[in-house]
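**Q** Starting off with a structure, shown below.
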Amino acid sequence: MCIRDRHKHMVLLLNKCDLIPTSVTAKWVKYLSQDYPTIAYKASISNPFGKAQFIQILRQFDNFHKDKKNISIGFIGYPNVGKSSIINSLRKRKVCKAAPIPGETKVWQYVNLTKRIYLIDCPGIVYQGDFENEVDTVLKGVVRAEKLMDPTYYIDAILGRAKKSDIIKIYGVEQWTDYEDFLQQLAQKKGKLLKGGEGDKNVVAKSMIIDWQRGKIPYFALPPGMTWENRKEEQLAQQEAEKIAEAQALGIDRELEDNLEVKEDQQQEQAEDGIEKDDDELEEEDGEEDGEEDGKEANNQ
């Protein structure tokens, strides 16, 4: 961050955290929190995760800048990371157009969270030099699969990064010699054939890239200091702990657990209660604006 921007605050939101193991998410939060406040987030209008914690931080910013008329929160990140969906989850309704494809947001959009807090939905940003090669650009969801001249070129990288067991489970192709052999078998299974019985590799390759960009094919990177070996050890320890807990739970009263769940619900309700009134007022204002627009249209007619 530049010296001139030191008055600004930065918070890192790890959206789509539900797509990777909880242990890996926790490690990433711990690692990134060394530099900036970091929140694991799941953008959902009906069932979000991390919303209460994020709202508390926004309220702290609001209290810290009482001398300002309003504050603006900009959401910046690569295309297709869920910036619009996060704003929708905060407002509890669809106020920003969101889609599981890169480049859906084309202009800045200002959305009221409260009377003083504005949320800014920004188009995806990709800085020159962020990616080492064209493959990274595509696999990180910056380019739409439909716009690729040769989608088959990227399949070898997908097969190399994803677990073979996941590929078999998703596509039903159990053995292959190279990516071309895989695409040929997949095209035959899906019935995507050209004249002469040759598989339409371009069509199935585009479909596979879309699956990758939308998270249908599981893949995640480990944070620094975490290896696959110690992650396996953590998984075994966690599984053992779960077995012990299940055995103990058979003879233990669940009242304590129920009380904890109630307490968590109350904390989330309290965190959201601070913006409920402002949210209702904003909805009333939106309704009034819609009514005025309908009146103008009627007069014009």
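**Q** Just checking, which of Tyr171, Tyr154 is in contact (Cβ under 8 Å) with a residue 40 or more places away in the chain, among the aromatic types (Phe, Trp, Tyr) and surrounded by 12 or more Cβ atoms within 10 Å (Cβ to Cβ)?
**A** Tyr154
**Q** Among all residue pairs at least 6 apart or on different chains, which show Cβ distances below 6 Å where the first residue, located in the range 4-30, is basic (Lys, Arg) and the second is modelled with pLDDT of 85 or more?
**A** Between residues of the range 4-30 that are basic (Lys, Arg) and residues that are modelled with pLDDT of 85 or more, the close pairs are Lys27/Pro223.
**Q** Among what's in the range 194-218 and is without any contact (Cβ under 8 Å) to a residue 24 or more places away in the chain and over 20 Å from Leu148 (Cα atoms), pick the residue that is most open to solvent (accessible area, probe 1.4 Å).
**A** Restricting to residues being without any contact (Cβ under 8 Å) to a residue 24 or more places away in the chain and over 20 Å from Leu148 (Cα atoms), the top hit is Lys195.
**Q** I've got another one for you. Look through the range 131-166, keep the residues that are acidic (Asp, Glu) and assigned to a helix (DSSP H, G or I), and return whichever of them is farthest from Gly82 (Cα to Cα).
**A** The selected residue is Asp156.
**Q** Looking only at the range 174-193, count how many residues are open to solvent by 60 Å² or more (accessible area, probe 1.4 Å) and either among the basic types (Lys, Arg) or within 18 Å of Tyr153 (Cα to Cα) (or both). I'd like the intermediate steps shown before the answer.
**A** Going through the range 174-193, the residues open to solvent by 60 Å² or more (accessible area, probe 1.4 Å) turn out to be 174-175, 177-180, 188-190, 192-193.
Now restrict to residues that are either among the basic types (Lys, Arg) or within 18 Å of Tyr153 (Cα to Cα) (or both): 177-180, 189-190, 192.
Adding up the residues that qualify gives 7.
**Q** Which condition does Lys69 not pass, out of (1) free of Cβ contacts under 8 Å to residues at least 40 places away in the same chain; (2) loosely packed, with under 12 Cβ neighbours inside 10 Å, if it passes all the others?
**A** (1)
**Q** Which number in (1) at pLDDT 85 or above; (2) of a type outside the set (Phe, Trp, Tyr); (3) in a helix (DSSP H, G or I); (4) open to solvent by 70 Å² or more (accessible area, probe 1.4 Å) marks the one condition that Gln238 misses?
**A** (1)
**Q** Somewhere in the range 32-46, is a residue among the basic types (Lys, Arg) and under 26 Å from Lys216 (Cα atoms)?
**A** yes
The values are calculated or read from the model by the stated rules, or taken from the named source; none is laboratory data. Not measured: the values here are computed from a predicted model. Methodologically, a virtual Cβ is constructed for each residue, glycine included, from the backbone with ideal geometry; neighbour enumeration extends over all protein chains shown. Areas reflect the complete protein model, heavy atoms only, side chains present, ligands, DNA and RNA absent. Shrake-Rupley method; radii C 1.70, N 1.55, O 1.52, S 1.80 Å.
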